[in-house]
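Novice: The structure follows.
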Amino acid sequence: VRALSPSATLERGYAIVQDDAGRVLRDAAETSAGAALSIRLAVGRVTAEVTGISDSTTTPEIEAR
């Protein structure tokens, strides 16, 4: 059960990304350039601004500052 917990997932290097309204993002199309994001990590949070979006499954990078 511990291996399936959200905190264990974060410990493996994943993150939870939320928009400024607190909605969890699952698709790059759910945000836009200039949007503020809150990124929850295993330890702490990062605030980022979207500078570009790629919705291709072959190029999963979303640029953030």
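Just so you know, all these numbers are worked out from the coordinates, no wet-lab data involved. Please read all numbers here as calculations on a predicted model, not as lab measurements. Heads up, the Cβs are rebuilt from the backbone with ideal geometry, glycines too, and the neighbour counts pull from every protein chain shown.
Novice: Report the net charge of residues surrounding D19, where surrounding means a beta-carbon distance below 13 angstrom and charges are Lys +1, Arg +1, Asp -1, Glu -1.
Specialist: That works out to -1.
Novice: Something else: Mind listing the phi-derived Karplus ³J(HN,Hα) values for region 10-23, rounded to whole Hz, using 6.51, -1.76 and 1.60 with θ = phi - 60°, and x for any glycine or proline?
Specialist: Values per residue, Gly and Pro as x: 5, 4, 7, x, 7, 9, 10, 10, 10, 7, 5, 8, x, 6 Hz.
Novice: To one decimal place, what Kirkwood hydrodynamic radius in Å is obtained for region 1-44 from all pairs of distinct Cα atoms?
Specialist: Its Kirkwood hydrodynamic radius stands at 11.4 Å.
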